[in-house]
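After the structure tokens below, expect a handful of questions from me.
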Amino acid sequence: EEAVKEAEKQTITIPPDVYVEVMEEAVKEAEKQTITIPPDVYVEVMEEKIKEVENNLRMKNPDGPFFGGWILDNFPNNRDQWAAMVDKTICPDDVICLRDSSENGSYLLKRWYKVNQDEIDEKVRARRVEEAAAEERAAEEARLEEERMRKEEEERERQAAEEERKRKIEAGELSDDEDEDEDKEKEEEKSQVDEEEVKEEEGDLGSPKAEAEPEAPPPEPEPEEEVPAEPTPPPVTPLPPEGPEVEQWRQERGDFEREWASLKAVITGTSAVQPIDIEVEAKTEDVQLTDAIHRIENAFQYRGWEYTG
């Protein structure tokens, strides 16, 4: 018991480099975990902020609208969040969804890569470096294993030859002079093999290059006709390199498509809001905004009715 108490009193000092390494690993593991916040928490924070926005709106313009003046970006994402908004009587006038109908979602994929290019390129570079290091380790392990097996095979052959030599001496089939001659032949063969291996290694390091023959002076180029320069095409946003990063993005987009179909049905079934889909492919942000305004105001446009008697 005294030893245990004495051990408890001792202070364990962790080296700074080890502490930093442990903390970095903990941060990496924490980044991989998905943190799920309850919908009620989201909506409570939004309710406070919406009230603040509407109060500021009344103070700036007492004769103006008392409600509205706010936009929720990328919310709600699922049915539970929409249900929490309905419970708090937070209901937007319009719901807009930006859709990409391009092949394999290439338009949004390019935009995602353009916005996060530095981060994605760094992840791809780190992954490729790690993969190359793993391949080098595997090749080195295979080489060491092959070397070990070769040495074991040589050792077995040497032992077998030694046993055969002893048997011949005991049986009188091999004299001492013949034994010495065989040993000399083996040593010569071994030295020849070693010399060949050394030559191969030197050859791998590279042989001296032959002296290059002097080249004839190139003929003088004929004057070319001036061709008017073509206009520079606009820069094309590239697609990101294939890998786990892109697969994760595709999985998240697939999850959104499935969740949006369910959420859209809930919105139309529990309110008078009709979600509006805006196509984003090959459209600038200004064109998308104009399209959204037109679609929202279209519901308030006067339409004459034609009666026939």
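The values are calculated or read from the model by the stated rules, or taken from the named source; none is laboratory data. Computed from a prediction, not measured in an experiment: that's the story for all the values here. Here the Cβ positions follow ideal geometry from the backbone for every residue, glycine too, while neighbour counts run over all protein chains shown. Accessible surface areas use protein heavy atoms only, side chains included; no ligands, DNA or RNA. Shrake-Rupley method; radii C 1.70, N 1.55, O 1.52, S 1.80 Å.
Please work out which residue is most open to solvent (accessible area, probe 1.4 Å), limiting yourself to the range 66-91 and to residues that are touching a helix residue (DSSP H, G or I) at 6+ places or on another chain (Cβ under 8 Å) and among the polar types (S, T, N, Q). Walk me through how you get there before you give the answer.
Step one: list which residues in the range 66-91 are touching a helix residue (DSSP H, G or I) at 6+ places or on another chain (Cβ under 8 Å), which gives 66-70, 72, 75-88, 90-91.
From what is left, the residues that are among the polar types (S, T, N, Q) are 77-78, 81.
On the way: ASN77: 64, ASN78: 44, GLN81: 16 Å².
It comes out as ASN77.
Also: So ILE278 ticks every box in (1) modelled with pLDDT of 85 or more; (2) more than 18 Å from TYR113 (Cβ to Cβ); (3) out of contact with any Asp or Glu (no Cβ under 6 Å at 6 or more places or on another chain) but one. Which box is left unticked?
The number of the failed condition is (3).
Given (1) out of contact with any Asp or Glu (no Cβ under 7 Å at 6 or more places or on another chain); (2) modelled with pLDDT under 90; (3) surrounded by 13 or more Cβ atoms within 10 Å (Cβ to Cβ); (4) not in a loop (DSSP other than H, G, I, E, B), identify the lone condition not met by LEU108.
So the condition that LEU108 fails would be (1).
Something else about it: Do any residues in the range 16-43 that are in a helix (DSSP H, G or I) have Cβ atoms under 6 Å from those of residues that are open to solvent by 100 Å² or more (accessible area, probe 1.4 Å) and modelled with pLDDT of 75 or more, where the two are at least six apart or on different chains, and which pairs are they?
The qualifying pairs are PRO39/ASP80.
Something else: Conditions: (1) in contact with a Lys or Arg (Cβ under 7 Å, 6 or more places away or on another chain); (2) small (Gly, Ala, Ser); (3) within 16 Å of ILE296 (Cβ to Cβ). GLY68 meets all but one. Number of the miss?
So the condition that GLY68 fails would be (1).
Filtering the range 67-105 down to residues that are of a type in the set (S, T, N, Q) and part of a helix (DSSP H, G or I), which residue is nearest to the chain's Cα centre (by Cα)? If you could, list the steps in order and put the result at the bottom.
Just the residues of the range 67-105 that are of a type in the set (S, T, N, Q), to begin with: 74, 77-78, 81, 89, 101-102, 104.
Pick out the ones that are also part of a helix (DSSP H, G or I) and you get 81, 104.
Values: GLN81: 29, ASN104: 18 Å.
My answer is ASN104.
Would you check which residues across the range 45-65 are charged (D, E, K, R), open to solvent by 80 Å² or more (accessible area, probe 1.4 Å) and under 39 Å from the mean Cα position of the chain (by Cα) and list them?
Let us first name the residues in the range 45-65 that are charged (D, E, K, R), namely 47-49, 51-52, 54, 58, 60, 63.
From what's left, open to solvent by 80 Å² or more (accessible area, probe 1.4 Å): 48-49, 51-52, 60, 63.
Listed by number, the residues that qualify are GLU48, LYS49.
Considering only the range 253-294, state which residues are in a helix (DSSP H, G or I) and over 24 Å from ARG79 (Cα atoms).
Going through the range 253-294, the residues in a helix (DSSP H, G or I) turn out to be 253-270, 285-294.
Result: GLU285, ASP286, VAL287, GLN288, LEU289, THR290, ASP291, ILE293, HIS294.
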